[in-house]
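Let me begin by presenting the structure, written as structure tokens, before commenting on it.
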Amino acid sequence: MAGNDASAAATLGCFITFEGGEGSGKSTQIQILADRLNNTAFRTIVTREPGGSPGAEIIRHVLLSGVGKAFGSDAETLLFAAARDDHVHQVIKPALERGIWVLCDRFTDSTRVYQGKLGKVDPALITALERVTIGDLKPDLTLILDVPVAVGLRRAIKRRGKAVADRFEQESLGFHEKLRAAYQQLATDEPQRCVLIDANADADTVAARIWAVVQERLLKSDASQTVRA
Ligand code: TYD
């Protein structure tokens, strides 16, 4: 269960985050999982970062347009944190408190990986911002979708069509290789929360892999029984 208040555990929804590099298929898979959960009697919402609340969507525009890059990595990190603070308080926590399952496309791990590991932002700053923005809120499960960089970038280019590449899609191949390695490391470092999903397959196959993990980790446990009660 997300959050630490044992007395509230019976009514809290589960909090699942999706992470991965560009073109790893998060948005397709998050929707498939949401449909499946909604069909199994769990009320579910899908949201995303940066964004997910009206205020955070404004900040998203600043970040992804590349305007924020000129301020440097620390300031970009502050902007991601400001967006997250609004999103957590306006959308995520209220939903979890009403027993709704929240599926979020990217969360704090994106900051740790993109700004921390790749952008070289001081981990102490990132930890301090997490304390302020999310407090004791932690995902119950983080699914890290893993694809070879060439596959992911090919998918991202196809999806984008004629639109301009965003701030992070414009980074070099080396950046995306490091990103993949950082996510793989995260899965190794936090096995209780994170599961690496081989996403180099068709959507149905990847969805089946994700469903097996969700069933194993969240639906067979005592925790899920309390949600259903
Ligand atoms: P988005 O269009 O949502 O891309 P994707 O489909 O890859 O999730 O863009 C979000 C971008 O913002 C993505 O490149 C990762 C980046 N990002 C960070 O750098 N730090 C963060 O904390 C978050 C949430 C996202």
Residue list for region 54-77, restricted to those being away from the ligand (no atom under 13 Å from the Cβ) and either hydroxyl-bearing (Ser, Thr, Tyr) or within 15 Å of residue 91 (Cβ to Cβ) (or both): 54, 55, 58
All positions within region 144-169 that are in contact with a strand residue (DSSP E or B) (Cβ under 9 Å, 6 or more places away or on another chain) and more than 15 Å from residue 196 (Cα to Cα): 152
Complete set of residues in region 95-118 that are more than 7 Å from the ligand (Cβ to nearest atom), touching a residue at least 60 places away in the same chain (Cβ under 8 Å) and more than 11 Å from the chain's Cα centre (by Cα): 95, 96, 97, 98, 99, 100, 101, 112, 113, 117, 118
Residue among 51, 55 that alone is small (Gly, Ala, Ser), surrounded by fewer than 18 Cβ atoms within 10 Å (Cβ to Cβ) and at pLDDT 95 or above: 55
Hey, residue 70 on the phi < 0 side of the Ramachandran plot, free of Cβ contacts under 8 Å to residues at least 60 places away in the same chain and surrounded by fewer than 20 Cβ atoms within 10 Å (Cβ to Cβ) or not: yes
Residue list for region 197-210, filter: crowded, with 16+ Cβ neighbours inside 10 Å and touching a residue at least 40 places away in the same chain (Cβ under 8 Å): 197, 199, 206, 207, 210
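The values are calculated or read from the model by the stated rules, or taken from the named source; none is laboratory data. Everything quoted here is computed from the prediction, not taken from an experiment. Backbone-built Cβ (ideal geometry, glycine too); neighbour counts: all protein chains shown.
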